[in-house]
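Student: This structure is in structure tokens; I'll ask about it shortly.
The values are calculated or read from the model by the stated rules, or taken from the named source; none is laboratory data. Because the structure is a prediction, the values reported are computed rather than measured. Don't worry about glycine lacking a Cβ; one is built from the backbone with ideal geometry, like all the others, and counts go over all protein chains shown. The area values use the complete protein model at the heavy-atom level, side chains included, leaving out ligands, DNA and RNA. Shrake-Rupley method; radii C 1.70, N 1.55, O 1.52, S 1.80 Å.
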Amino acid sequence: MAAVAHPNPSITANPPPSSAAAPPPRTTFLRRFTLPFTSTSQKRHRLHITNVLSDSKPATTTATTHSIPPPEPYVSRYAPDQPRKGSDVLVEALEREGVTDVFAYPGGASMEIHQALTRSTIIRNVLPRHEQGGVFAAEGYARASGLPGVCIATSGPGATNLVSGLADALLDSVPLVAITGQVPRRMIGTDAFQETPIVEVTRSITKHNYLVLDVEDIPRIVREAFYLASSGRPGPVLIDVPKDIQQQLVVPKWDEPMRLPGYLSRLPKSLIDGHLEQIVRLITESKKPVLYVGGGCLNSSDELRRFVELTGIPVASTLMGLGAYPASSELSLQMLGMHGTVYANYAVDKSDLLLAFGVRFDDRVTGKLEAFASRAKIVHIDIDSAEIGKNKQPHVSVCGDIKVALQGLNNILEEKSMITNLDFSNWRNELHEQKHRVGQHQMWAAQFYKYNKPRQWLTSGGLGAMGFGLPAAIGAAVARPDAVVVDIDGDGSFIMNVQELATIRVENLPVKILLLNNQHLGMVVQWEDRFYKANRAHTYLGNPSNESEIFPNMLKFAEACDIPAARVTQKADLRAAIQKMLDTPGPYLLDVIVPHQEHVLPMIPAGGGFMDVITEGDGRTKY
């Protein structure tokens, strides 16, 4: 996992819905996402340790509005009628989409694209050391910025190395455009060297994919790919480009319209006010309402805060939704689900109205479906119609952009002056008592830190991919050079993409790596302790012939890549060590040795319900 903080925080460690309308040019997005994070001073502030990443109060705004100038028109380095290679057309198409950073690893079938990248004065290639590192870095870029991340790989093994990242992006609704080289068209289907049918391989783990068979289609396909990746429910799109297409000369036509009639017809239409009125009526009739918010609310944080301000309804967040509503607020119940807080799960269990906004009723949240929110009427708002009723049948459903829906709900609440009629103080007091009863239980990364803004917490949610954290931190650091980026990683996950330390060093990215090293596959060990009588089935990652030694020596990996590193074995030394990590310019690795017997609690066993919650014990206890 990786986490992002603003330039002057303390310690820092998918799936945003979008409207059905065509998105503005990427340069507009860049301004929108860059301006709020721009530091007003070049002076580096000393970072201090706390468990809150930023102020939960929204920034004060003045009445003066500053209009953002329209983006300057794109100026090609080629004359309008000048022929150029397909690879140059591809790179220019990326430039026209506002792409400034890609994560590309070269190979035989993608060499032409890399040659074209060297001719671009706009696009920077951050060279990963493995294609999986590249796709996870592109994901980190997208998760941190909200813009589509771009990765490029060669054919065959290069393309198949993208598979985990594409599946991850699909499950977490991350906008991603992956470009792969392919063998020449005449060799497709002949089992040529480094040929894999990557379109077929990835068909079920991408939102859409293309095999380019006509060089003249490149401008349209790239435009469609970025539109598909970022509109509706975001997701990954793959473009497979045969090598002869990359080499073919062509005069591109940049004004070709998109050909997406089926997709456009399926995008959600405008919301029906009657549905929103019905939701407001259910809120007024409720005594114990709870908001259940997910990654779909990341782009609607302001509207969500206003809705909570108007209603006073407590908020429980999914793993993907952390930061959409400030965790330090009195109304935040923090995370719900398998490893969520007891009081968040208690609230859902006792609620009479569950407002599910931008969520998909994932099994790690619901546990036993029939027991989840069994007393509640359910309202489900999501941009993807396939999610509504898929796992849990709602009483009221709205298929649409959660940002627009929240704006509509807020308008109704404001116009009807219903604020004075909503009083959930007794319910909030009941939940407040629950907080104090269970507040001492140990929570780990997602639970300790109070994420108060969207896109501070980046994690592989649906896929739970090991090896995600380090390359994702690279992408986050590229997308947010003004921010402090910390990869909170386990030793098993870290070593899966440890080669990306080289990328961090070469690019001089100030990524801080906080390694929780317990010499085991910690989460699997916890399940072994609880459900398999602590029988270790290949979950020990150290050296069995010398278990007293920390193996492998992570500090040597850092030394090999010229990255400063230190190890902590005593709890009393941890705070000072973290402070040194934050104060050291550039990258840094802190190897924190932790006991493998520690368990992440609370925990609701898979398929269980709230009544099955585990709040005590660790690997030192027999079960």
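Student: For segment 451-493, name all the residues that are part of a loop (DSSP other than H, G, I, E, B), under 24 Å from M523 (Cβ atoms) and among the aliphatic types (A, V, I, L, M).
Tutor: L463, A465, M466
Student: Can you pull out every residue in segment 158-167 that is assigned to a loop (DSSP other than H, G, I, E, B) and open to solvent by 10 Å² or more (accessible area, probe 1.4 Å)?
Tutor: The one that is assigned to a loop (DSSP other than H, G, I, E, B) and open to solvent by 10 Å² or more (accessible area, probe 1.4 Å): N161.
Student: For residues that are assigned to a helix (DSSP H, G or I) and open to solvent by less than 20 Å² (accessible area, probe 1.4 Å), scanning just segment 168-192, find the one that is farthest from G235 (Cα to Cα).
Tutor: Taking the candidates together, the pick is D168.
Student: Moving on to the next point. Within segment 106-137, work out how many residues are open to solvent by less than 10 Å² (accessible area, probe 1.4 Å) and either closer than 18 Å to R96 by Cα or not assigned by the TED database to the domain that holds L171 (or both).
Tutor: Going through segment 106-137 one residue at a time, the tally reaches 2.
Student: Hey, among the residues in segment 374-430 that are among the aliphatic types (A, V, I, L, M) and part of a loop (DSSP other than H, G, I, E, B), which one's surrounded by the most Cβ atoms within 10 Å (Cβ to Cβ)?
Tutor: I383
Student: If a residue has to be of a type outside the set (A, V, I, L, M, F, W, C), out of contact with any Phe, Trp or Tyr (no Cβ under 7 Å at 6 or more places or on another chain) and over 17 Å from L590 (Cα atoms) to count, how many in segment 477-498 make the cut?
Tutor: Going through segment 477-498 one residue at a time, the tally reaches 1.
Student: Something else about it: Specify which of the listed residues (P242, P236, P261, P268) is farther than 30 Å from A153 by Cβ and modelled with pLDDT of 95 or more.
Tutor: After ruling out the rest, the residue left standing is P261.
Yes/no per residue for (1) assigned to a helix (DSSP H, G or I); (2) more than 24 Å from the chain's Cα centre (by Cα); (3) over 30 Å from Y346 (Cα atoms); (4) of a type in the set (K, R):
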position: Q194; (1), (2), (3), (4): no, yes, yes, no
position: S204; (1), (2), (3), (4): yes, no, yes, no
position: P219; (1), (2), (3), (4): yes, yes, yes, no
position: R223; (1), (2), (3), (4): yes, no, yes, yes
position: L228; (1), (2), (3), (4): yes, no, yes, no
position: R259; (1), (2), (3), (4): no, yes, yes, yes
position: G262; (1), (2), (3), (4): yes, yes, yes, no
position: V280; (1), (2), (3), (4): yes, yes, no, no
position: I283; (1), (2), (3), (4): yes, yes, no, no
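Student: Could you list all residues from segment 284-294 that are surrounded by 21 or more Cβ atoms within 10 Å (Cβ to Cβ) and either hydroxyl-bearing (S, T, Y) or at pLDDT below 95 (or both)?
Tutor: Residues satisfying the conditions are S286, Y292.
Residue by residue, here is whether (1) within 20 Å of G389 (Cα to Cα); (2) out of contact with any Lys or Arg (no Cβ under 7 Å at 6 or more places or on another chain) holds:
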{"residue": "P314", "(1), (2)": "no, no"}
{"residue": "A324", "(1), (2)": "no, yes"}
{"residue": "L355", "(1), (2)": "yes, yes"}
{"residue": "V359", "(1), (2)": "yes, yes"}
{"residue": "G367", "(1), (2)": "yes, yes"}
{"residue": "E370", "(1), (2)": "yes, yes"}
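Student: In addition: Tell me yes or no: at least one residue of segment 432-451 is crowded, with 20+ Cβ neighbours inside 10 Å, at pLDDT 90 or above and not basic (K, R).
Tutor: no
Student: Going by the conditions given, is G140 modelled with pLDDT of 95 or more and either closer than 30 Å to D302 by Cβ or crowded, with 24+ Cβ neighbours inside 10 Å (or both)?
Tutor: Yes: the conditions hold for G140.
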